[in-house]
Each structure stands twice: as structure tokens, then as C-alpha cells.
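Here is the structure we will look at, set down as C-alpha cells.
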Amino acid sequence: MKKRLEKLQYNSPVTLTFALISFASLILGMLTNGFTTRLFFSIYRSSLMSPFSYIRLFGHMLGHADWGHFSGNMVLFLVLGPMLEEKYGSKTFLKMILITSLVSGMVYILLYPNHILLGASGIVFMMIVLSSAAGMEEGKIPLTLLLVVIIYLGGEIVNGIGRSDGIAHAVHILGGICGAGFGMLDVRKIKKL
């Protein structure tokens, strides 16, 4: 048994750690009847005097409402994460995740003050768009990037206009914009952030 365990490789530390913390936050939320999810792992307009407001700017990406929400995000996260982490490096990939979380959290509390946001879907959309830009050559725009933007982000715009379906379409769009921005930025510039 020990030899089999030694063959397991923690190949993508940021990706795997993110997934494990998200899973732990889901379980903790279930055990506390949502208390910890509301306190740490979702974002909503609250007092700037509360230190939890700042924790939630990043913690909301780790929270999920239920197993379906978690598994829907984590399947794509675990598929795309290792490739992006290998391409950009763990530190740069983590910075991309944190920047996307911060941007989506701040915009969400400004535009939707009476709503709660939780989940990694904005990060996943960032990763989808970023992965389509992964082979970008200087001065050229990959056709895959354009198609992903049209299909995924276009779908979010069309599906999100005027809908109140409990899905944070604006966060998906913001995540996609962050992914496109990271894809077009020189990796050296992201590392300096």
C-alpha cells in the first residue's frame, strides 16, 4: 500500500490545494448549516470595518452552495488548472486566481449590493479563456481565443441579460475578461504583480 501511495504525485500544488480547500469549505458549510459559508466563503456588501469583509474578497471563490455547484466548478478547474499552472508557473497562476477573485468580488458588491456571491465559476471562466490563449504568439490573436470569447462570453451576455436565475453571469464575464487580459499580457508582467 505504501508503494502505491508513493506513486501519487502532487503535480499541481495550486490547483490541488484550491480544490481541497474548496472541498473542505463545502463540508464545513454543511456541518455548520451554512454559517461558515456565509462568514468566510461568500461575498456580499458589509461593513468595511469588519476584517471578514476583506477575507471574503478572496474566500468567496472557495465557497459553494452544494455538491452540484462544487463538482461543476471543480471538474473544469482540475482539467484546466494543471496545464495553466505548468505553463505559467504556480506563483503566477495563483496571482491570476487572486486577482480575478478580487476584481469579481469588488465589482459584485458594487453592482449587486443585495446579492451574495460564492463559487469558483469566475475563476473557471478566467481559466477557460486563458487556456484558449495559451499558444498566443506576439502580435497575433488565436482563433481559438475568439471562438471561446464568442461562445462562452457571448452566451453569458445573451443568457444573463435581464435574468434573475441565481447565476452570477457578470462574474463569468469578468472572469473571462481577466483570462483574456492575462493571455494578452506578457507573462513577465504578471510575475511582477
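Every read-out reported here was derived from the displayed coordinates using simple, explicitly stated rules and does not represent laboratory data. Computed from a predicted structure; not experimentally measured. Counting neighbours? That spans all protein chains shown, and the Cβs are built from the backbone with ideal geometry, glycine included.
In summary, segment 41-87 shows an alpha-carbon radius of gyration equal to 1.47 times the 2.2 N^0.38 Å reference for compact globular proteins. Per-residue ellipticity at 222 nm, computed for the chain from helices alone with -39500 (n - 2.57) per DSSP H run of at least four residues, works out to -21000 deg cm²/dmol.
Counting alpha carbon pairs within less than 8 Å and at least 6 residues apart, what relative contact order, in whole percent, applies to the chain? Over the chain, the number comes to 23 percent. Hydrophobic, long helices, defined as DSSP H runs whose alpha-carbon span along the helix axis is 15 Å or greater and whose mean Kyte-Doolittle value is at least 0.0, occur in the chain at 13-31, 67-88, 90-111, 121-132, 169-184. Relative protection proxy for 95-107, 42-54, from highest mean packing down: 95-107, 42-54 (other beta-carbon atoms within 10 angstrom). Each Lys and Arg adds +1 at its Cβ and each Asp and Glu adds -1 at its Cβ; summed about the Cα centre, the chain shows a dipole of about 560 debye.
Counting only Cα atoms, the chain measures 54, 47, 31 Å along its principal axes, largest extent leading. Inter-label distance, Lys140 to Lys87: 1.5 nm, where each label sits 7 Å from its Cα along the C-beta direction. Give me the percent of Cα-Cα pairs in segment 18-123 that sit more than 24 Å apart, rounded to a whole number. Value for segment 18-123 (Cα pairs over 24 Å): 22 percent. For Ala65 and Ile151, what does the FRET efficiency come to when R0 = 25 Å and r is the distance between their Cβ atoms, rounded to the nearest 0.05? Taking R0 as 25 Å, the efficiency between Ala65 and Ile151 is 0.45. Of the residues Met96, Gln9, Leu185, the one whose Cα sits farthest towards the positive end of the charge dipole of the chain is Gln9 (charges of +1 on Lys and Arg Cβ, -1 on Asp and Glu Cβ, taken about the Cα centre).
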